[in-house]
Amino acid sequence: MPRYDRDEVARRSGHATWEDAVRATADLTQQEAGAVLGVSHPTVRSWRAELGVGVAAPRTSAPERAAAFRADERDARHGSANGYRNLGCRCARCTAAWTDYQRQRRG
């Protein structure tokens, strides 16, 4: 993994210091920030972790995400084997998709 001169990376991207560069790209994904700064996204991740920028984003638990999916009938994943198997939905569309998937799998 290449070592970057942090301040040189910042100057090339139009920032005074690498801290300014990291903070200026905090709203971007790691991949997008890496492209803007000209470094790899693992480098962006380590720089953000060092500064404490965007590391502790709140996440919902898997059961909460699955419950939200089951409650939203407009979700595009309804009618898929994934909706049935991984998200636990038992609506008619997801059940039919799971049945079709199993039939195709068994040949």
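Numbers below:
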item	result
Where a residue in the range 17-28 is more than 11 Å from Val53 (Cα to Cα) and its partner, wherever it lies, is of a type in the set (Ser, Thr, Tyr) and modelled with pLDDT under 85, with Cβ under 9 Å and at least six apart	Trp18/Tyr4
Whichever residue in the range 83-92 is touching a Phe, Trp or Tyr at 6+ places or on another chain (Cβ under 9 Å) and assigned to a helix (DSSP H, G or I) and, among such residues, is surrounded by the fewest Cβ atoms within 10 Å (Cβ to Cβ)	Arg85
All positions within the range 41-62 that are among the aliphatic types (A, V, I, L, M), surrounded by 11 or more Cβ atoms within 10 Å (Cβ to Cβ) and part of a loop (DSSP other than H, G, I, E, B)	Val53
Odd one out for Arg65, checked against (1) assigned to a loop (DSSP other than H, G, I, E, B); (2) loosely packed, with under 14 Cβ neighbours inside 10 Å; (3) out of contact with any Gly (no Cβ under 6 Å at 6 or more places or on another chain)	(1)
Residues that are assigned to a loop (DSSP other than H, G, I, E, B), acidic (Asp, Glu) and surrounded by 13 or more Cβ atoms within 10 Å (Cβ to Cβ), drawn from the range 11-40	none
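A quick yes/no check of all residues on (1) in the same structural domain as Gly14 (by TED's automatic domain parsing); (2) more than 30 Å from Glu8 (Cβ to Cβ); (3) of a type in the set (D, E, K, R):
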residue	(1), (2), (3)
Gly38	yes, no, no
Trp47	yes, no, no
Ala67	no, yes, no
Asp72	no, yes, yes
His78	no, yes, no
Ala81	no, yes, no
Gly88	no, yes, no
Ala92	no, yes, no
Ala97	no, yes, no
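The values are calculated or read from the model by the stated rules, or taken from the named source; none is laboratory data. Just so it is clear, the model here is predicted, and its values are computed rather than measured. All Cβ positions, even for glycine, are placed from backbone atoms using ideal geometry, and neighbour counts span all protein chains on display.
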